[in-house]
Structure formats: C-alpha cells, structure tokens
Amino acid sequence: MKTRFYLGLLASLIIALLVGGCQQSEDNPVNTVVRGYVYTDSTFTEPVESVYVIVRVDDASLVPDYTSYTDSTGKYDIAFYLGHTFECSFSYKYYAKVNLIFTYEGKTYMTPDYYLELGEEYDLPPVHLGLFASP
C-alpha cells in the first residue's frame, strides 16, 4: 500500500513539473520573419515590384494569413506571429509548416513547405516569374 502511495506521489510530481514547468517568458508575442526577392527571370537580374505575397501557416485556425507586396527592388519582408516563447525545465522548440503564395498579374506560385522556428528570421530563396502559373 505504501508503494502505491509513493508511486502516485512521484507520478503527480512529474506531471506537475511537466505541466507547470513552463512559464511564458514575456507578454509580447515573438514574431518569425521571412524575406526574399522576386525577379522577372531565372537569372535573377530584374526585380519585380508589387507582387502580392501571402504567408500561410499550416494551422490556419490559430494563425491568420499575413500579406505584403514586393518593393521596387523585388524584396518582401514579412513578420508574423507563431506564438509566445516559453521558458521550460525541458528543451522544446516550436516549428510550423509555412507556405508562401505569390500572385502577380493573375498568375500565382506557391512555395514548397518550409518548417520555420518560432522567433527566427529566414532569408528564403529568390523566386522568378517563370515559376508562376495561371490558376
């Protein structure tokens, strides 16, 4: 009987540490940042302005789409919310599956999946209009 009591106590302690062992490190959310360029061709010589860029996180029910346009140098830079950072007694890193959708003059291109870490900054590979297709 004592063994059961001690095992139950030990299990309760472990559960309390796992559940209560994480504290939100700050009140403000931590943004993840993606940036890159869009060009007219695969030689990446002529930038394209006003390409509509959407960041779509896999779990769209929790995270909305984030949008931007490329500037005169073809650059986009989007900061988006993936959650808060937590200080835990155990190591845990949060990654989310993200796609970027580019739209220009009625044509679109969607990137392959990127797995991005909360709070990190990513310089993504350049994109060119030859990848875009009509819907």
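The values are calculated or read from the model by the stated rules, or taken from the named source; none is laboratory data. Worth saying up front: this structure is predicted, and the values here are computed from it rather than measured. The protein model used for the area step is the full one, side chains on, heavy atoms only, and it has no ligands, DNA or RNA in it. Shrake-Rupley method; radii C 1.70, N 1.55, O 1.52, S 1.80 Å.
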Original post:
Which residues, counting only those in the range 103-128, are farther than 25 Å from residue 30 by Cα and of a type in the set (Ser, Thr, Tyr)?
Top reply: 103, 104, 108, 109
Original post:
Where in the range 17-135 are there strands (runs of 3 or more DSSP E), lying wholly inside it, with at least 1 residues that are open to solvent by 90 Å² or more (accessible area, probe 1.4 Å) and at pLDDT below 80?
Top reply: 95-104
